[in-house]
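The values are calculated or read from the model by the stated rules, or taken from the named source; none is laboratory data. Worth saying up front: this structure is predicted, and the values here are computed from it rather than measured. Cβ placement follows ideal geometry from the backbone for every residue including glycine, while neighbour counts extend to all protein chains displayed.
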Number of protein chains: 4
Amino acid sequence: MSTTDSRVGEQRPGGRAERVRTAVLRAAAEILTEVGYEKMRVEDVAVRAGVHKTTVYRRWPTKAALTADAASLHSADAVPIPDTGTIVGDLKLLAREVVVNVGTQEGSRRARSLAAAAATSDELTDAMHGFWAERLALSSRIVERAVQRGELPASTDANLVIETVIGPLWVRLLLTGEPVTEELADRVVELVTEGALPH
Amino acid sequence: MSTTDSRVGEQRPGGRAERVRTAVLRAAAEILTEVGYEKMRVEDVAVRAGVHKTTVYRRWPTKAALTADAASLHSADAVPIPDTGTIVGDLKLLAREVVVNVGTQEGSRRARSLAAAAATSDELTDAMHGFWAERLALSSRIVERAVQRGELPASTDANLVIETVIGPLWVRLLLTGEPVTEELADRVVELVTEGALPH
Amino acid sequence: MSTTDSRVGEQRPGGRAERVRTAVLRAAAEILTEVGYEKMRVEDVAVRAGVHKTTVYRRWPTKAALTADAASLHSADAVPIPDTGTIVGDLKLLAREVVVNVGTQEGSRRARSLAAAAATSDELTDAMHGFWAERLALSSRIVERAVQRGELPASTDANLVIETVIGPLWVRLLLTGEPVTEELADRVVELVTEGALPH
Amino acid sequence: MSTTDSRVGEQRPGGRAERVRTAVLRAAAEILTEVGYEKMRVEDVAVRAGVHKTTVYRRWPTKAALTADAASLHSADAVPIPDTGTIVGDLKLLAREVVVNVGTQEGSRRARSLAAAAATSDELTDAMHGFWAERLALSSRIVERAVQRGELPASTDANLVIETVIGPLWVRLLLTGEPVTEELADRVVELVTEGALPH
DNA sequence: TCATAAACGAGACGGTACGTCTCGTCTTGTG
DNA sequence: CACAAGACGAGACGTACCGTCTCGTTTATGA
């Protein structure tokens, strides 16, 4: 991953452990994306990582633990927090990012599969909750900046705003299965900022 | 699921067959609630229904199919659509109903487990999407009535309002794991109706 | 296995359970003979028996339990107790039977492998002890008959005589590895009946 | 196995190497006695010897090789050849020595475990056969002295007498599992010297 | 009412994947 | 330079659950 040790061939495998860990997590993330948690087999992950099954089990005690690790790895790279100068602009960008991540066929499968797995295994549940708590805390900076700019009242519940913006997207993704589009993202933001009632 | 067509597909409606079907679905719904989809074993469902495992498989080809049936059975009884006379009152009641369903330990497990299962199996996915589409369509009557009363503008996207009201609750339930309370329900409705921006 | 139901193809699996049991035990006995306990794989036994691995584990909890059963099955068919009319004749026949069983390359491997396995697993140990106790008890009838005929004094320890006759054969088989021949069998019997001291 | 060639094959007899070798063999012998060959783990031997697993594998290519070495070390110290002046006295002492070695719970386990291991691995088989061949050759000196004294006829097969004396003890140990006592040792010697037939 | 077709009970089975154990090898530093 | 430390490859073991199959038995329906 890093730019410096991209040497392939590896006569001097210093840091094998780390390389193995990375390779397994990458393989797990890929397979997770391709076939989902249920159909992911630990042995297939091992094979794709160029590693033996027991090696995977040496580091991750269960398939769920491996998935938890792979999922957080996968999510770690992305997630820029928008800063356009207006709360509406920021929230629309934020919502569109969600759409980009889960709006595609592949993204949808990955997200649903992870949500499923999280409901299945306790350790995965914890990992996922932690990830999202952190993710939303970061995003709520958007609201806090708007409060500082005077766009929003000081009493605004930052987390709630974020949750309300992304909420409908996840409802469609997980409950109704209806498409999650950028146009929807914009409409949600307008609803949440303006309110449904006229004024 | 309506009361009149309870013998759809039944060649021999009179008696045991129907009794068995009901007993199995009830047992499945119970166990689903207690331990979740993953840990639910078809054989345990059969035992609790006082029936043999093969009998279950005779009617439902897979565990997912059984779950889909059991889950829709479970959801069928509930769901009154509020009608308080004001959009805010209706939405708050609606949101509180969600909280009542999924806010408890048990409800949370059941809901998460079903969401998980829906992500796992295609047939369950379809069943769940259908259920929620219908559910939200019913709920959006709330918004339509408010439009007719003149509370909300005619351009209001009824479905979107409903999705936005219940969205944050499901985000907490499935993603962050934070508690889902009635107080939260109220705050969400206020945010969605008033909007975050001052006016 | 029986002479009457040799029909292959089995449209009516009446008595399947028994057939499976027999097939697995036979396969296990064969493989045990061919490669020994250590190199015997439960899955190979299953395949040779035309059965799935899990089916084997359903009946026999461990490889050792399967081996114990297979070994006693194997030993059950043989073992005629000689009755030539004289103690020397009977003992020589008995000793030669042992030689026939364990004197060949294959018999030697089988016997040593079983002895090894018996030392490994407690359940196998018990099974093997039981088998041999019974086997020797049967053989000691030889001595008892000789006592009744007046060939041997009434004080003769029947079991001890049998053990002493077959002892050297097993010493060679298990300890020194020297060949176990029929000529040796005869010499042992002469030694045990006549005694080493002159008279 | 003799005391003089303890450095056969050793390039650097002088120090750490030898200490490590001794410690490992002693640890292996102990663990072998305690838990038997099957449950002995190379890594446990290494730990008890205060050495790393790889160090053990540098010197002994396999677990069997290590066991062979450890077992012969263990057996080397014992085994005085009796010399009481009479064949009966010598044989009884010899048999009692066997009883002392294998009659206890611990000795029994060790002996059976080694016999088992010998049946398992070819290299162990050879080592054990060599050990016992030598052992019996030494013991047969007893018979040869008796022949020289005129106690036994010149035609006596020395090895056979020894094998027949210890045979029943090993039969009980390995096959029937019955107790191996000193009283049994005496009775065997009487049977082998006097013969079963009256005279 | 009584034969008969449908459904059921019982039990084993095939199959897939999981997670475990131990052996023996390999790599990387370190005294 | 041998050793400590530890990961790794390999292969078998035993487990859990799903969904299938067959046989014999019960139950509901229609002639």
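Brief remarks follow.
- Near pairs, Cβ below 6 angstrom, 6+ apart or cross-chain, from the range C:5-26 (within 14 Å of C:V56 (Cα to Cα) and among the aromatic types (F, W, Y)) to any residue that is at pLDDT below 90 and near DNA strand F (Cβ under 9 Å from one of its atoms): none
- Hey, C:T84 over 24 Å from C:R172 (Cβ atoms), more than 16 Å from DNA strand E (Cβ to nearest atom) and modelled with pLDDT of 90 or more or not: yes
- There is at least one residue in the range B:145-152 that is in a helix (DSSP H, G or I), more than 13 Å from B:A68 (Cα to Cα) and within 9 Å of chain A (Cβ to nearest Cβ).
- Flag if A:R96 is in contact (Cβ under 8 Å) with a residue 12 or more places away in the chain and more than 10 Å from chain B (Cβ to nearest Cβ): yes
- Residue in the range B:162-171 that is in contact (Cβ under 8 Å) with a residue 12 or more places away in the chain, farther than 22 Å from A:D186 by Cβ and touching a Gly at 6+ places or on another chain (Cβ under 9 Å) present: yes
- Of all residues in the range B:24-60 being surrounded by 16 or more Cβ atoms within 10 Å (Cβ to Cβ), within 14 Å of DNA strand E (Cβ to nearest atom) and part of a loop (DSSP other than H, G, I, E, B), the one that is nearest to the other protein chains (Cβ to nearest Cβ): B:W60
- Screening B:A70 against (1) within 16 Å of DNA strand F (Cβ to nearest atom); (2) touching a Leu at 6+ places or on another chain (Cβ under 6 Å); (3) within 11 Å of chain A (Cβ to nearest Cβ) leaves a single unmet condition, (3).
- Sub-7 Å Cβ pairs linking a first residue in the range A:32-46 that is in contact (Cβ under 8 Å) with a residue 24 or more places away in the chain to a second residue that is within 9 Å of DNA strand E (Cβ to nearest atom) and of a type outside the set (D, E), at least 6 apart or interchain, are A:L32/A:M40; A:V42/A:K53; A:V42/A:V56; A:V42/A:K63; A:V42/A:L66, ordered by first then second residue.
- None of C:V189, C:V161, C:V171 is more than 7 Å from chain D (Cβ to nearest Cβ) and not acidic (D, E) except C:V189.
- Scanning the range B:176-186 for residues that are without any contact (Cβ under 8 Å) to a residue 12 or more places away in the chain and more than 7 Å from chain A (Cβ to nearest Cβ), we see that the one that is farthest from B:L91 (Cα to Cα) is B:E178.
- The range D:101-144: number of residues that are surrounded by 19 or more Cβ atoms within 10 Å (Cβ to Cβ), within 12 Å of chain C (Cβ to nearest Cβ) and touching a residue at least 24 places away in the same chain (Cβ under 8 Å): 20
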